[in-house]
């Protein structure tokens with residue numbers, strides 16, 4: 001396979017990017033390079049080749065190096081770094097999976113067969129950097145994967161493929177991410193077949209029904225007891241990897257700090273006193289939450 005049919009991937013640290021990259025590795029040998037942020041989006045430290053541990057299976061860098069795939073590091077605004085990656089890889093297709101920077105026009109317009117973003121929501125809903133967080137926050141179980149053409153704005157390009165994914169009660173953020181990544185792998189395989197056959201079609205997003213959410217703040221971890229109890233339970237279960245305590249506002253005079261949601265019922269709590277094992281019962285609008293306090 002020559003470079004004229006190659007794929008260049010734009011990704012970052014994190015489970016979704018890694019799972020998508022791994023699935024592409026398993027599907028084909030057309031990956032000609034992967035582009036990563038020059039500065040860690042987790043630690044904010046500069047990435048150097050000497051700092052990478054090739055034995056670290058969790059590292060997307062290490063996965064690429066183990067498979068002899070070139071890794072290109074770019075900062076957000078240095079166009080020359082992007083051009084160098086394009087010049088060396090000469091991709092026909094660009095695939096983006098949670099890359100933190102907006103691609104310059106000269107990048108997403110470069111590949112002859114298109115540039116596509118893999119987004120973990122059913123667009124046009126939940127545009128933005130952490131859509132899964134906000135789906136948990138709003139208690140929306142109807143998640144999914146969208147593959148769309150890349151344009152000048154975030155997550156707004158024409159949709160090529162979508163697949164719905166149902167989030168079950170109590171699913172963790174990691175479990176949901178892997179579920180979505182599995183759906184993304186299936187859709188990417190379909191995308192590549194469509195691109196190769198020249199049968200790609202797309203549908204314009206409905207801007208009137210779109211929603212965008214940026215990074216959450218600490219205020220999102222304060223939960224009023226007026227919430228639906230299922231929403232509270234699923235939000236806490238789905239976002240515990242953010243390592244934040246949850247403040248449940250019982251009324252204007254009292255609140256409860258909890259670490260984890262354990263279970264819920266649609267019946268009212270019999271009491272709200274703390275148990276010897278640090279569990280507590282909290283009344284919500286339509287049921288009772290069992291939590292670890």
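Just a few scattered comments:
- The helix-only estimate of mean residue ellipticity at 222 nm for the chain, built from DSSP H runs of length n ≥ 4 each weighted as -39500 (n - 2.57), is -8000 deg cm²/dmol after division by the residue total.
- Candidates 119, 148, 241: whichever shows maximal mean-square fluctuation once the chain is modelled as a Gaussian network with Cα springs under 10 Å: 241
- For the chain: Kirkwood Rh in Å [reciprocal of mean 1/r, alpha carbons]: 20.6
- In degrees, nearest ten, helix 15-27 long axis to first principal axis of the chain (Cα): 40
- Förster-model FRET efficiency, 45 Å R0, residue 138 and residue 88, C-beta, rounded to 0.05: 0.60
- Modelled spin-label separation between residue 211 and residue 292, with each label point placed 7 Å from Cα along the Cα-to-Cβ direction: 2.9 nm.
- Highest-MSF residue in the chain out of 268, 92, 125 [GNM, Cα springs under 10 Å]: 268
- The GNM of the chain, with springs linking C-alpha atoms under 10 angstrom apart, assigns the highest mean-square fluctuation among 204, 237, 18 to 204.
- Extending 7 Å from Cα along the Cβ direction at residue 218 and again at residue 259 yields two label points whose distance is 2.0 nm.
- Note on residue 194 and residue 68: their simple-model spin labels are 3.3 nm apart, each label 7 Å out from Cα toward Cβ.
- Applying 1/(1 + (r/R0)^6) with r as the Cβ-Cβ distance of residue 174 and residue 112 and R0 = 45 angstrom yields a FRET efficiency of 0.75.
- Contour minus Cα-Cα distance for residue 279 and residue 202 (0.36 nm per residue): 22.7 nm
- Surface/4 of the Cα convex hull for region 198-293, nm²: 9.9
Since every read-out is calculated from the coordinates, none of them should be taken as a lab result. Nothing here was measured: the structure is a model prediction, and the numbers come from that model. Reconstructed Cβ throughout: ideal geometry from the backbone, glycine too, with neighbour counts over all protein chains shown.
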